[in-house]
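The values are calculated or read from the model by the stated rules, or taken from the named source; none is laboratory data. It should be emphasised that the depicted structure is a prediction, and the values quoted were computed from it without experimental measurement. Glycine gets a Cβ as well: all are built from the backbone with ideal geometry, and neighbour counts include every protein chain shown.
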Amino acid sequence: MTHRRLSVVAALGLATTLGLGRQASANDPAKFDAMFTDMDANSDGRISEDEHAAWARQKFQRMDSDGDGRVTASEMKAEKSRMHDKAGKNEMSAEEKIKAVDGNGDGVLSREEHETASKIKFDQMDTDNDGTLSKSEIKAGHAKLMTKRASTSSTTTTTTTTTKD
Ligand SMILES: [Ca+2]
Ligand SMILES: [Ca+2]
Ligand SMILES: [Ca+2]
């Protein structure tokens, strides 16, 4: 009797575990909340430009494991796996992320380049231009910025205008 009941409980437990396992992804809401709380130093529920800059600096320092003030693609990847952050299907690779903000094109992210990029990111995410980021602004912005823009090529089509006299 008791044996039978135990196996039913075990089967239910297994089903739940499997179901939850499939849900765990990079867009984990609990992970997002933790990140937001981390950024929101004064806990007012909004991220100011200073809070965002401070958080970005911290993130840079975490990624820069050898402390030389530059983040390579492999340092970026190592930090990602330390955080158990799996890349989304359409997420840019570390190389692509660096390339997007690599001002001098050396394939390495400098502290200044990271700072400039995070400032630009802040402005892009602040869609209502109130100088702070709400939770939903970050959520929307993060998803947009980290995803490969498939349509970029269409906007860069060269217009061949032949000027005739
Ligand atoms: Ca705040
Ligand atoms: Ca480094
Ligand atoms: Ca805003």
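Looking at (1) assigned to a loop (DSSP other than H, G, I, E, B); (2) within 16 Å of ligand 3 (Cβ to nearest atom); (3) modelled with pLDDT under 90, find the lone condition where ASP128 falls short.
In the conditions (1) assigned to a loop (DSSP other than H, G, I, E, B); (2) within 16 Å of ligand 3 (Cβ to nearest atom); (3) modelled with pLDDT under 90, ASP128 misses (3) alone.
Please specify each residue of the stretch 53-105 satisfying the condition of being of a type in the set (Asp, Glu), in a helix (DSSP H, G or I) and surrounded by 13 or more Cβ atoms within 10 Å (Cβ to Cβ).
Scanning the stretch 53-105 gives GLU75, GLU79, GLU95.
Going by the structure shown, is ASP130 within 16 Å of ligand 1 (Cβ to nearest atom), farther than 17 Å from PHE36 by Cα and of a type outside the set (Val, Ile, Thr)?
yes
When you check ALA87 against the structure, is it within 16 Å of ligand 3 (Cβ to nearest atom) and either touching a residue at least 40 places away in the same chain (Cβ under 8 Å) or in contact with a Leu (Cβ under 6 Å, 6 or more places away or on another chain) (or both), yes or no?
The answer is no for ALA87.
To keep it simple, each residue is scored yes or no on (1) within 16 Å of ligand 2 (Cβ to nearest atom); (2) acidic (Asp, Glu).
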position: GLU91; (1), (2): no, yes
position: GLY105; (1), (2): no, no
position: VAL108; (1), (2): yes, no
position: ASP126; (1), (2): no, yes
position: ASP130; (1), (2): no, yes
position: SER136; (1), (2): no, no
position: ALA140; (1), (2): no, no
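Applying the selection to the stretch 43-80, what residues are within 16 Å of ligand 3 (Cβ to nearest atom), over 14 Å from the mean Cα position of the chain (by Cα) and touching a residue at least 24 places away in the same chain (Cβ under 8 Å)?
The answer is GLY45, ARG46, ILE47, SER48, GLU49, ALA53.
Given (1) without any contact (Cβ under 8 Å) to a residue 12 or more places away in the chain; (2) surrounded by 13 or more Cβ atoms within 10 Å (Cβ to Cβ); (3) within 16 Å of ligand 3 (Cβ to nearest atom), where does SER118 come up short, assuming only one miss?
SER118 satisfies all of (1) without any contact (Cβ under 8 Å) to a residue 12 or more places away in the chain; (2) surrounded by 13 or more Cβ atoms within 10 Å (Cβ to Cβ); (3) within 16 Å of ligand 3 (Cβ to nearest atom) except (1).
Among the candidates LYS77, LYS144, LYS86, single out the residue that is under 30 Å from ARG46 (Cα atoms) and at pLDDT 90 or above.
Checking each option against the conditions leaves just LYS77.
Tell me, please, whether a residue that is modelled with pLDDT of 90 or more, away from ligand 3 (no atom under 16 Å from the Cβ), under 20 Å from GLY141 (Cα atoms) and not in a helix (DSSP H, G or I) can be found in the stretch 19-35.
Within the stretch 19-35 (the criterion being modelled with pLDDT of 90 or more, away from ligand 3 (no atom under 16 Å from the Cβ), under 20 Å from GLY141 (Cα atoms) and not in a helix (DSSP H, G or I)), the answer is no, since none of the residues qualifies.
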